[in-house]
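Enquirer: Dropping a structure here in structure tokens format, bear with me for questions.
The values are calculated or read from the model by the stated rules, or taken from the named source; none is laboratory data. Fair warning: this is a prediction, and the values are worked out from it, not measured in the lab. Using ideal geometry, Cβ is built from the backbone for each residue, glycine included, and neighbour counts are taken over all protein chains shown.
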Protein chains: 2
Amino acid sequence: MDKRSRSYDREELTELENAMVTIMRVFHLYSRYQCKLKKADLKKLINKELPQFIQEIHEPQVLDQLIADLDINGDSEIDFQEYSTLIAMVTVACQQFFVHKESK
Amino acid sequence: MDKRSRSYDREELTELENAMVTIMRVFHLYSRYQCKLKKADLKKLINKELPQFIQEIHEPQVLDQLIADLDINGDSEIDFQEYSTLIAMVTVACQQFFVHKESK
């Protein structure tokens, strides 16, 4: 069987792999499998799926700036690569709160 | 209470936020909260925490190249920002397998 079409059972995956599948699944949910997110859908995603984390980003314009910067190819839609960059940026921004709490 | 020290209960977090906390936790586990990962620890992390996904990356040198490219500041250690870039790259590389399966 061609390895590319091997399907996964989420129980086979590690916690980290499942976390990455969650990141993919949320994108596909909001993009309705169109491989691109409209900016309005991205805002909905952020407000609905990252409610706690965006509270940590105190200046709202930081988020708007993040979204504006994301649209690297300027097609006013966000592709999966641009979305993954946002997730990585927010993860980095928020990790300082978790290091502080988890290392006590 | 200063908002920065507000602590989270993982049940409060959405699935996407919990996925991002998992990404943070795995980094801290392998870096022993030192905020930097030695390349050898990163390889251990990849082999142990991403066993299924690295199978999808058929050419082993792709992974070695990824790790080499990661060390952006050239200190032969991987900080959280560089690690998040790796996670984003692998997520993008593997998402094509999931779109294919999930959209059927």
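Enquirer: Considering only residues that are more than 7 Å from chain B (Cβ to nearest Cβ), of a type outside the set (S, T, Y) and assigned to a helix (DSSP H, G or I), which ones fall in the range A:26-50?
Expert: A:F27, A:L29, A:K39, A:A40, A:D41, A:L42, A:K43, A:K44, A:L45, A:I46, A:N47, A:K48 - these are the residues of the range A:26-50 that are more than 7 Å from chain B (Cβ to nearest Cβ), of a type outside the set (S, T, Y) and assigned to a helix (DSSP H, G or I).
Enquirer: Follow-up. Is there a residue in the range A:11-31 that is surrounded by 14 or more Cβ atoms within 10 Å (Cβ to Cβ) and in contact (Cβ under 8 Å) with a residue 60 or more places away in the chain?
Expert: Yes: one or more hits.
Enquirer: Would you pick out the residues in the range B:32-50 that are under 13 Å from the mean Cα position of the chain (by Cα) and surrounded by fewer than 14 Cβ atoms within 10 Å (Cβ to Cβ)?
Expert: Scanning the range B:32-50 gives B:K44, B:N47, B:K48.
Enquirer: Please enumerate the residues belonging to the range A:72-100 that are surrounded by 12 or more Cβ atoms within 10 Å (Cβ to Cβ) and modelled with pLDDT under 75.
Expert: Scanning the range A:72-100 gives A:Q96, A:F97, A:F98, A:V99, A:H100.
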